[in-house]
Amino acid sequence: MSWKEEDATGERAAFIKAYLTKRYRVADLCAVFGVSVKTGHKTINRFRQGGLPALANRSRASHTHPNATPEEVARLIIEVRHDHPRWGPLKVLQYLEAKYPDVKLPATSTAGDILAREGLVSKRRRRRPSIDPLKPQIGPITYPHQVNNIDFKGQFRTRDGRWCYPLTMTDTFSRSLLLCKALHGPTFADTKAALERCFREHGVPAAMRSDNGEPFISSRSLGGLSRLGVWLVKLGVHRHRSRLASPQDNAVHERMHRTLKEETTLPPARNLREQQKRFDSFTREYNEVRPHQSLDGKTPSSLYAPSPRPFPERLPTIEYERHVQVRSVRTDGTIKWKGEHVYVSQALSGNPVGLVETDVGIWTVMFASVIIGIFDESEGHIVG
């Protein structure tokens, strides 16, 4: 028989107080308190070894657990976290699983407990994902370079006082970071040059997603076509635009930016050249070493393949069907229509646009396959 569960500690204390009066035999006390003689003697021994505090309830958990994580595995988990201080328990386990496939690893929660005991992680509440019905939907992504994401990560100054604008591009399917270039500014010339080098190495994507900022989009141009947008259209790249002030439309790319900032810019490097070295090192680890939860623990490089569309030595010529009225855009951004100048866009200077009559005097204006506006002859101008 054992002590009553409701107040076992109090029962033991009362038993010892009665025992210390030396008026009662142990066997009689055990009969009064409803415990076995063996339990009574164990209680007396606990009191002798530790006094009244030793009478408190003890954990019934086993001192040794048959399923406990071996010390050497726990040490591996801690070492990986020290090497990669921003990796969580799941990413640590995914990395170890790929590196040591024969080692039995614990559950993610157990790895989190191991790291928490070392003070290396803190528990966080998991946010429930929200669904935004207004978010632009692209559809299932099933192959590399189906949709690439491009953006400038927030600018910052290197320690020499000069601005750094990191231009980044990722592949949605494999999560590969294809481009991470430190530029002095978000100019058309520098962005186009960086993209051309990237396209020569990786091939041309089928589509590209960006926000509505320069140089990707021009708010003053029909169809949002900037000079960079015109160049991409001529390469056959379909453009996807996120909503205004809605970075969540490209959440995967924005999450990469957060990791990039944590790993490479806190604090910034001495100058742009040194900052680029950090970006290059980050790109290698991000693509080849770091497991990705969205890829079931695989690395981006394990799923990546170059685009089957090589970068052309000469841009393809824009051609239209026979029923389309074709006009060349002049240097001032206008076309000649029935003796009048109609403004289109300076971004399209030197390029042909097509007009298709959809009603009497109403024309749809397009560049390649991109509809950029409606031309009403009676109004005399094109509306985007």
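The values are calculated or read from the model by the stated rules, or taken from the named source; none is laboratory data. Remember, it's a predicted structure, so these values are computed and weren't measured experimentally. Note that each Cβ is placed from the backbone with ideal geometry, even for glycine, and that neighbours are counted across all protein chains shown. Each accessible area value is taken on the protein alone, full model and side chains, heavy atoms only, with ligands, DNA and RNA left out. Shrake-Rupley method; radii C 1.70, N 1.55, O 1.52, S 1.80 Å.
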**Item:** Estimated [θ] at 222 nm from DSSP helical runs (n ≥ 4, -39500 (n - 2.57)) normalised by residues in the chain, nearest 500
**Value:** -10000 deg cm²/dmol
**Request:** With a 1.4 Å probe and every protein chain left in place, work out the accessible area per residue of segment 130-262 in Å², rounded to a whole number.
**Result:** 45 Å²
**Request:** Name the long-range amide H neighbours of residue 269: under 5 Å, sequence gap of 5 or more, or other chain; modelled H, no Pro or chain starts.
**Result:** 159
**Accessible solvent surface per residue of segment 291-381, calculated while the other protein chains remain in place, 1.4 angstrom probe, Å²** = 61 Å²
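Treat every Asp and Glu Cβ in segment 152-300 as -1 and every Lys and Arg Cβ as +1, leave all other atoms uncharged, and give the resulting dipole magnitude about the Cα centre to the nearest 20 debye. Numbers along the way, then the final one.
Numbers: 26 positive and 16 negative charges, 65 e Å.
Value, rounded to 20: 320 debye.
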**Message:** Amide H of residue 209 versus every other amide H placed in the peptide plane: which residues, excluding those fewer than 5 positions away on the same chain, fall under 5 Å?
**Reply:** 148, 149, 150, 240
**Prompt:** In what sequence, largest accessible area first, do 256, 366 appear using a 1.4 Å probe?
**Reply:** 366, 256
**Prompt:** Taking amide hydrogens as modeled 1.01 Å from N in the peptide plane, which residues meet the under 5 Å criterion relative to residue 185, leaving out close sequence neighbours?
**Reply:** 165
**Request:** Apply the Karplus parameterisation 6.51 cos²θ - 1.76 cosθ + 1.60, with θ equal to phi minus 60°, to every residue of segment 249-259 and state each ³J(HN,Hα) to the nearest whole Hz, in sequence, with x for glycine and proline.
**Result:** 5, 10, 4, 4, 5, 5, 5, 4, 4, 5, 5
**Asked** For the chain, what is the charge dipole size about the Cα centre, in debye to the nearest 20, if Lys and Arg each add +1 at the Cβ and Asp and Glu each add -1 at the Cβ?
**Response** 2200 debye
**Message:** Give the aspartates and glutamates whose C-alpha is closer than 15 Å to that of residue 17, dropping any in the same chain fewer than 8 places away, or say none.
**Reply:** 28
**Prompt:** Tell me, how many Å apart are the Cα centres for segment 187-212 and for segment 250-301?
**Reply:** 19 Å
**Item:** Sequence ranges 100-109, 299-308, ranked by mean other-Cβ count within 10 angstrom, highest first
**Value:** 299-308, 100-109
**Message:** With an 8 Å Cα cut-off and a minimum separation of 6 or more residues, compute the relative contact order for the chain in percent.
**Reply:** 11 percent
**Request:** Any chance you could give the angle, 0 to 90 degrees and rounded to 10, that helix 89-99 forms with the longest Cα principal axis of the chain?
**Result:** 80 degrees
**Message:** Output wanted: per-residue J couplings in Hz (rounded whole) for segment 368-384, from phi through Karplus 6.51 cos²θ - 1.76 cosθ + 1.60, θ = phi - 60°, x for Gly and Pro.
**Reply:** 6, 9, 8, 6, 10, x, 10, 10, 9, 4, 5, 7, x, 8, 9, 10, x
**Asked** Got a number for carbon plus sulfur as a percent of segment 301-365's accessible area, 1.4 Å probe?
**Response** 50 percent
**Fill in**
If one compares the long axis through the Cα atoms of helix 108-117 with the longest principal axis of the Cα atoms of the chain, the angle in degrees, nearest 10, works out at 70 degrees
**Message:** If you roll a 1.4 angstrom probe over the protein chains with everything in place, what fraction of the accessible area of segment 144-215 belongs to carbon and sulfur, to the nearest %?
**Reply:** 48 percent
**Request:** For segment 323-381 and segment 24-45, compute the distance between their C-alpha centroids and round to whole Å.
**Result:** 103 Å
**Request:** Output ³J(HN,Hα) for segment 141-148: one whole-Hz value per residue in order, computed from phi by the Karplus curve 6.51 cos²θ - 1.76 cosθ + 1.60 with θ = phi - 60°, and x for Gly and Pro.
**Result:** 9, 10, 7, x, 6, 5, 9, 9
